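This report concerns only the one structure given below.
The values are calculated or read from the model by the stated rules, or taken from the named source; none is laboratory data. All figures in this text were calculated on a predicted structure; none of them were measured in a lab. Because the Cβ atoms are built from the backbone with ideal geometry, glycine has one as well, and the counts that use them run over all protein chains shown.
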Amino acid sequence: MHVTVDGEPVPAKPGRTIAALLHTMGRARIFCGIGVCFDCVVTLNEVPDVRSCQRIATDGDTVRTRP
Ligand code: FES
């Protein structure tokens, strides 16, 4: 399974969140990890302001960490 992060294809493990994937890449901005603080927002599949700690990665997802 692969997710594209800022244009880069990245292997991802099933069942893990987008935030966890970004954390493994050293790109995560995570404060609460439970959906409260919105520090972890990304653009996911062209939908802005998605809390990455609340979304399980799926094959083919496209993530932008910057607007
Ligand atoms: S880390 Fe706080 S909402 Fe995701």
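Taking the criterion of being touching a residue at least 40 places away in the same chain (Cβ under 8 Å) and more than 18 Å from Asp6 (Cβ to Cβ), the only residue of the stretch 23-58 that qualifies is Ile56. Among all residues of the stretch 42-51, there is at least one that is among the charged types (D, E, K, R) and in contact with a Gly (Cβ under 8 Å, 6 or more places away or on another chain). For the stretch 27-48, a residue qualifies if it is modelled with pLDDT of 95 or more and more than 11 Å from the ligand (Cβ to nearest atom), and the qualifying residues are Thr43, Leu44, Asn45, Glu46, Val47, Pro48.
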